[in-house]
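Before any comments, here is the structure.
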Amino acid sequence: MALFIALVGLVAVLATLLDAFEVVLLPRPVRRRFRVNRYFFRWTWAGWSWMAQRLPDGRRREDFIGVFGPLSMVSLFATWASCLIAGFGLLHWALQQWTHSMPIFSMAEAMVVSGDAFFTLGYGDVVPRHTGGRLLVILEAGTGFGFIALTIAYLPVLYQHFSRRDYQLIDLSARAGTPAAANALLQWHAAAGGPAALNQWLREWEIWASDLVESHSAYPMLAFYRSQHEGHSWLSALSVVLETCSLIISSARDGGPPQAAATYSAAHRVLNVVVSSLDVAPLHSPTERNADLQSRPAKNALEVLIPDFIDDAEAVACLSRLKQAYEPSLLALSSYLLMPLQQTLAAAHPATQRGSRREVVDRLTLSKPSDD
């Protein structure tokens with residue numbers, strides 16, 4: 001019996017330490033399916049999203065969902081600590097049974113010894129008297145000290161990645177509106193910057209997408225973090241980027257500028273990484289987002305931005321193929337993360353509308369702020 005308890009405790013300790021090492025220190029995705037944090041996020045998000053879906057749509061629901069990301073990380077640290085304390089507690093109890101040293105404490109007292117050692121409290125009211133137990137206390141105290149230090153250092157790294165992801169969304173809303181729309185973005189560049197500015201914008205968002213590939217593969221829990229600004233969403237931004245690149249590539253006789261293809265490839269890879277990390281199955285069912293493939297509301301802007309613009313049946317077919325390559329993963333993440341996607345071909349952004357100076361000032365100063 002003592003041997004079995006010792007094996008269970010050893011497995012609990014090693015599995016928890018391995019999981020913490022892979023999440024906190026290992027800078028690459030882990031392919032193994034059995035992981036403590038994988039099941040932790042799956043089960044906790046299932047319960048949290050179930051409760052969120054019982055709330056009415058609106059800010060209250062979004063605020064409730066937004067709590068999950070930071071709270072889940074604190075809960076994960078607490079789960080790791082509990083598993084380590086329980087595992088070491090089982091080892092303490094098993095060692096006492098083997099050595100028969102006095103006093104023989106109960107399982108509850110073994111857990112107290114383990115918690116005392118893990119948090120280095122030093123009460124000393126219940127302590128092992130044999131050498132093996134004392135060495136185990138020293139090992140657990142060092143493990144607990146290192147574990148706490150690593151978790152404290154880990155949170156700033158996580159928030160740095162989150163801040164870099166969220167910062168770029170402000171730029172998108174300034175050019176494409178809130179919620180962002182692909183045709184508003186194209187019209188803004190057609191009116192204000194031209195092809196060169198659009199190419200530079202695509203380059204910046206290729207870098208943004210590449211950063212997401214690196215951060216969300218190493219830290220998949222970032223997908224649960226919501227933007228701090230109302231109406232902003234990293235998933236919606238990714239949708240706008242992919243939509244914009246698809247329109248440019250399909251509307252140009254030569255496939256458009258190479259930068260559009262590079263940005264599309266980087267953004268598409270982000271979807272693949274997140275879908276794989278969260279183990280989400282793509283949705284292949286048709287949706288309303290595919291109903292406007294042939295409407296092409298950004299045609300006028302594309303004619304300005306693309307020298308060899310062409311609008312024919314092949315362009316529509318190419319656009320459809322590009323959308324079908326990423327839509328299943330995009331829709332699956334939208335449904336799983338409860339991040340609704342706006343129609344990316346919406347009305348033009350007010351900044352692109354022309355008029356008198358007073359009309360422009362009125363549009364910019366009398367409009368309701370997005371965070372109100």
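The values are calculated or read from the model by the stated rules, or taken from the named source; none is laboratory data. Because the structure is a prediction, the values reported are computed rather than measured. A quick note on method: Cβ atoms are made from the backbone with ideal geometry, for glycine too, and the neighbour counts reach across all protein chains shown.
This table checks each residue for (1) closer than 30 Å to Leu76 by Cα; (2) part of a helix (DSSP H, G or I); (3) aromatic (Phe, Trp, Tyr).
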{"position": "Leu186", "(1), (2), (3)": "no, yes, no"}
{"position": "Ala190", "(1), (2), (3)": "no, yes, no"}
{"position": "Gln200", "(1), (2), (3)": "no, yes, no"}
{"position": "Ser210", "(1), (2), (3)": "yes, yes, no"}
{"position": "Gly231", "(1), (2), (3)": "yes, no, no"}
{"position": "Ser246", "(1), (2), (3)": "no, yes, no"}
{"position": "Val275", "(1), (2), (3)": "yes, yes, no"}
{"position": "Leu283", "(1), (2), (3)": "yes, no, no"}
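Residues checked against (1) crowded, with 19+ Cβ neighbours inside 10 Å; (2) over 30 Å from Asp116 (Cα atoms); (3) among the polar types (S, T, N, Q); (4) modelled with pLDDT under 90:
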site: Leu26; (1), (2), (3), (4): no, no, no, yes
site: Val30; (1), (2), (3), (4): no, yes, no, yes
site: Thr44; (1), (2), (3), (4): no, no, yes, no
site: Gly47; (1), (2), (3), (4): no, yes, no, no
site: Ile85; (1), (2), (3), (4): yes, no, no, no
site: Phe88; (1), (2), (3), (4): yes, no, no, no
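Taking the criterion of being surrounded by 24 or more Cβ atoms within 10 Å (Cβ to Cβ), within 19 Å of the chain's Cα centre (by Cα) and hydrophobic (A, V, I, L, M, F, W, C), the residues of the range 239-272 that qualify are Val240, Val241, Leu242, Ala267, Val270, Leu271. Only one of the listed residues (Ser227, Ser236, Ser215) is outside any helix (DSSP H, G or I) and modelled with pLDDT of 80 or more. That residue is Ser227.
Only residues that are surrounded by 20 or more Cβ atoms within 10 Å (Cβ to Cβ) and at pLDDT below 90: list them for the range 274-296, please. Result: Ser277, Leu278. Note on the range 184-199: residues that are in contact (Cβ under 8 Å) with a residue 60 or more places away in the chain and either in contact with a His (Cβ under 9 Å, 6 or more places away or on another chain) or of a type in the set (A, V, I, L, M, F, W, C) (or both) total 10. Return yes or no: is His189 surrounded by 19 or more Cβ atoms within 10 Å (Cβ to Cβ) and closer than 12 Å to Val270 by Cβ? Answer is no for this residue. Exactly one residue out of Arg134, Arg164 is surrounded by fewer than 20 Cβ atoms within 10 Å (Cβ to Cβ) and touching a Pro at 6+ places or on another chain (Cβ under 7 Å): that is Arg134.
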